[in-house]
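Engineer: I'd like to ask some things about the structure below.
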Amino acid sequence: MNTQIVLASRPIGEPTLNDFRTVSTAIPKPAAGEVLLATKFLSLDPYMRGRMSATKSYAEPVALGGVMVGQTVSEVLESADPTYRTGEIVLSANGWQTHAVAPGKTLRKLDAEIAPVSYALGILGTPGKTAYCALLDIGRPKPGETVVVSAASGAVGSVAGQIAKIKGCRVVGIAGSDEKCTYVTDVLGFDQCINRRKADLPKALAQVCPNGIDVYFDNTAGTILTAVLGLINVGARIPLVGLIEHYNATALPAGPYLGPLLTNRAKIEGFLVSDHSAHSAAFARDVAGWMRDGKLHYKEDVLDGLDKAPQGLIGMLRGENFGKLIVRVS
Ligand code: NAP
């Protein structure tokens, strides 16, 4: 029989065991081009919490009564695809079940000679690729820079921090226990690690990042991101990779919720007009021209007398001005 774990109910807040149900079904038969697989390893990943919820997301939720999704390393039991032979080990996405049929073209063969096959679910799979791509494409670490990584002992964070070390950076991890922190420094080779459950995070980060933070590899968002933002340097880069602090939340956080930023790969970038003097001539030419052609409208809100300046500023911060506020002094 095929043992499956299905979604029994949609959790509110932290999932409980009652949200899952184990069922038994017949082992399916592969049709032409398909392969019958027995699951050897199943990956458990934070994104699965999102799939348990019906909230609109970048991916379809698991249906109530549906098999929980997940990547698997599986063994070919029977093949109706000439590319695969019985006994071969493949990467698939069979979810939380002992057996499944999958189209041969969705599978990738794994070679136990290269690495333990289970690594395809971690460092040589999606978590490792996430760490590599987000750090190098968005973090763009340079030798000597300070890189901070949250969930530092985990599947993604452990790889991101080690690659930052390979790139010559000073790397600070944040993890959830002393045991994890010792592993992060002594085995993974990070320079420092802060236990997020014990430390006053803004203070501890300031102590171990005396030159500020150039790259923050964000696996959590929330309170850790807030603490890091107080220390970022000019031109810092923050790959927003995960929001695990919010995954069990039942309400939006008090501050901005960055979920749509991640799912839409959108960008918020700080701006200071003083950095853009190279565009001064183009600005003057274009704006004056658009005004002359009647394409740009402009409104002034004029107060008469310097004595109106204090109340004018106070009023502007309440939204009482209508247009560009200026004072006619004389
Ligand atoms: P992981 O780090 O192996 O496990 C999750 C870890 O998150 C926990 O061990 C815990 O570590 C930390 N954590 C849990 N709840 C937290 C909270 N409330 N506040 C702060 N930290 C908390 O998992 P992973 O697979 O490597 O994933 C890490 C992050 O990457 C997740 O946010 C995941 O969604 C994201 N991810 C994103 C993509 C993408 O394409 N954007 C792809 C893969 C993964 P500590 O207790 O040690 O802090």
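Engineer: Within the bounds of the stretch 196-205, is there any residue that is closer than 18 Å to V156 by Cβ, touching a Lys or Arg at 6+ places or on another chain (Cβ under 9 Å) and outside any helix (DSSP H, G or I)? Spell out how you get there, then give the answer.
Structural biologist: Filtering the stretch 196-205 for residues closer than 18 Å to V156 by Cβ gives 196.
With touching a Lys or Arg at 6+ places or on another chain (Cβ under 9 Å) added as a condition, the list becomes none.
Checked against the condition, which is being closer than 18 Å to V156 by Cβ, touching a Lys or Arg at 6+ places or on another chain (Cβ under 9 Å) and outside any helix (DSSP H, G or I), the stretch 196-205 yields no hits at all.
Engineer: Next question, about the same structure. I'd like the full set of residues that are open to solvent by 40 Å² or more (accessible area, probe 1.4 Å), within 16 Å of the ligand (Cβ to nearest atom) and under 12 Å from Q97 (Cα atoms), limited to the stretch 9-47.
Structural biologist: The answer is F41, L42.
Engineer: Looking at G87, G104, G50, can you tell me which residue is open to solvent by less than 20 Å² (accessible area, probe 1.4 Å) and modelled with pLDDT of 95 or more? Walk me through it before giving the result.
Structural biologist: On the way: G87 fails: open to solvent by less than 20 Å² (accessible area, probe 1.4 Å); G50 fails: open to solvent by less than 20 Å² (accessible area, probe 1.4 Å).
After applying the criteria, what remains is G104.
Engineer: Which residues, taken from the stretch 231-260, are in contact with a strand residue (DSSP E or B) (Cβ under 7 Å, 6 or more places away or on another chain) and open to solvent by 60 Å² or more (accessible area, probe 1.4 Å)?
Structural biologist: Within the stretch 231-260, I232 is the sole residue that qualifies.
A quick yes/no check of all residues on (1) in contact (Cβ under 8 Å) with a residue 60 or more places away in the chain; (2) in contact with a Gly (Cβ under 7 Å, 6 or more places away or on another chain); (3) closer than 15 Å to V73 by Cα:
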| site | (1), (2), (3) |
| --- | --- |
| W96 | yes, yes, yes |
| V101 | yes, no, yes |
| A112 | no, no, yes |
| A115 | no, no, yes |
| A134 | yes, no, no |
| V149 | yes, yes, no |
| A152 | no, yes, no |
| G161 | no, yes, no |
| V172 | no, no, no |
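Engineer: Which members of the stretch 12-53 meet the condition of being in contact with a helix residue (DSSP H, G or I) (Cβ under 9 Å, 6 or more places away or on another chain), in a strand (DSSP E or B) and closer than 17 Å to V69 by Cβ?
Structural biologist: Listed by number, the residues that qualify are F41, L42.
Engineer: Which residues, counting only those in the stretch 73-84, are open to solvent by 40 Å² or more (accessible area, probe 1.4 Å) and within 33 Å of the chain's Cα centre (by Cα)?
Structural biologist: If the condition is that a residue be open to solvent by 40 Å² or more (accessible area, probe 1.4 Å) and within 33 Å of the chain's Cα centre (by Cα), then E75 is the only one that fits.
Engineer: Also, I was wondering about something else. Which ones in the stretch 142-168 are more than 9 Å from the ligand (Cβ to nearest atom) and surrounded by fewer than 24 Cβ atoms within 10 Å (Cβ to Cβ)?
Structural biologist: Correct list: K142, P143, G144, E145, Q162, I163, K165, I166, K167, G168.
Engineer: I've got another one for you. Taking the stretch 107-141, which residues are within 16 Å of the ligand (Cβ to nearest atom), part of a loop (DSSP other than H, G, I, E, B) and open to solvent by less than 70 Å² (accessible area, probe 1.4 Å)?
Structural biologist: As a first pass, look at the stretch 107-141 and keep what is within 16 Å of the ligand (Cβ to nearest atom): 118-139.
Restricting the remaining residues to those that are part of a loop (DSSP other than H, G, I, E, B) gives 122-125.
Within the stretch 107-141, G122, G125 qualify.
Engineer: Can I ask one more? Take the stretch 236-265 and flag every residue that is within 13 Å of the ligand (Cβ to nearest atom) and small (G, A, S).
Structural biologist: Within the stretch 236-265, G242, A249, G259 meet the criteria.
The values are calculated or read from the model by the stated rules, or taken from the named source; none is laboratory data. Note that the structure is predicted; figures quoted are calculated from it, not measured. A quick note on method: Cβ atoms are made from the backbone with ideal geometry, for glycine too, and the neighbour counts reach across all protein chains shown. Remember, those area values only see protein heavy atoms, side chains included, never the ligands or the DNA or RNA. Shrake-Rupley method; radii C 1.70, N 1.55, O 1.52, S 1.80 Å.
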